[in-house]
Amino acid sequence: MQLPDKTALLIIDVQKAIDHPSWGVRNNRELEVNLQKVLKRWRELGWPVFHVAHDSVEPGSTYRPGQWGNEFKPEVEPRPGETIIRKQTNNAFVGTGLEDELRSRGLSSVVICGVVTNNSVEATTRMAGNLGFRTYLLANATATFGKRDLRGRWWDADDVHHLSLANLDGEYASVVTTEELLAAVQ
């Protein structure tokens, strides 16, 4: 795997909201550790980092602005000069300037990580691929929660996570691990 120079890192919705008990049990307890490894390397390289924040307009959302859940988790706190993209939908490209920002900087490839795998991460990954960006999705730097399907069957978070990754791999993105990605940028 060879990444183009200055590939953008998109960290999706890694806000304190995901720690609220209402979400249930999360998979990938190594999420924050893996995010920190990738973020550290991007900062060392001086490559562009985009922090995507969900500013929910839903009254009961843990992501609503003005409450603790809307704040970035300390493990991925943006630094001066790093771009913050605020969104109100599950897709970082919808209603934001993300696409224009990437294109104006001449960036044609993105690495996507964060939460929730089968929601904002999946929606953003699909759109990135559809818009023609070379897209890499970090399997072990994303996480999700269990979900009940329309038949009433409960799927645990790990099953939901891996099915979402399988849906995206190939057509929309190359699904890789943090270790594979970091080895490619050494």
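Values quoted throughout were computed directly from the atomic coordinates according to the rules given, and no laboratory measurement underlies them. Keep in mind that what you see is a predicted model, and the values were worked out from it rather than measured. Because the Cβ atoms are built from the backbone with ideal geometry, glycine has one as well, and the counts that use them run over all protein chains shown.
Taking the mean number of other Cβ atoms within 10 Å as a proxy for protection, how do you rank 164-177, 78-91, 116-129 from highest to lowest?
Working: 164-177: 17.1, 78-91: 14.5, 116-129: 23.6.
The peptides rank, most packed first, as 116-129, 164-177, 78-91.
List the relative contact order of the chain as a percent without decimals, with contacts defined as Cα pairs under 8 Å and 6+ residues apart.
Working: 363 pairs, mean separation 48.9, N = 186.
Value for the chain: 26 percent.
So what's the Cα pair-distance distribution over the chain, bin width 5 Å, in %?
Using 5 Å bins, I get a P(r) of 1, 8, 18, 23, 22, 16, 8, 3, 1, 0 for the chain.
For every helix of n ≥ 4 consecutive DSSP H residues, a contribution of -39,500 (n - 2.57) applies; sum these over the chain, divide by its total residues, and give [θ] at 222 nm rounded to the nearest 500 deg cm²/dmol. The partial results should precede the final answer.
Details: 5 runs with 50 residues, N = 186.
After summing the helix terms and dividing by the residues of the chain, the value is -8000 deg cm²/dmol.
Considering only Val115, Ala157, Ala92, whose Cα is most displaced toward the positive end of the charge dipole of the chain, charges sitting on Cβ of Lys, Arg (+1) and Asp, Glu (-1)?
Ala92
In the chain, which whole DSSP H runs stretch at least 27 Å along their own axis (Cα) and average -0.5 or higher on the Kyte-Doolittle scale?
Working: long enough: none.
Sorted by number, there is nothing, because no helix extends far enough and scores high enough.
Using the Cα centre of segment 37-186 as the reference point, and only Cβ charges (+1 on K/R, -1 on D/E), how large is the resulting charge dipole? Debye, rounded to the nearest 20. Display every interim value, and only then the final one.
Working: 17 positive and 19 negative charges, 34 e Å.
The calculation lands at about 160 debye.
Determine how many Å³ per residue the convex hull of the Cα atoms of segment 8-47 encloses. Before the final figure, lay out each step's value.
Details: hull volume 2.7 nm³, N = 40.
Cα-based convex hull of segment 8-47, divided per residue, equals 69 Å³.
Principal axis extents for segment 113-172, Cα atoms only, whole Å, descending order, please.
Each principal axis gives a Cα extent; for segment 113-172 these are 36, 22, 17 Å.
If you wrap segment 80-186's Cα atoms in a convex hull and average its projection over all directions, what's the area in nm²? Walk me through the intermediate numbers first.
On the way: hull surface 31.8 nm².
Across all orientations, segment 80-186 yields a mean hull projection of 8.0 nm².
Hey, which aspartates and glutamates would be in cross-link range of Lys6, C-alpha to C-alpha under 20 Å, not counting anything within fewer than 8 residues on its own chain?
Cα-Cα hits under 20 Å: Glu44, Glu82, Glu99, Asp100, Glu101, Glu179, Glu180.
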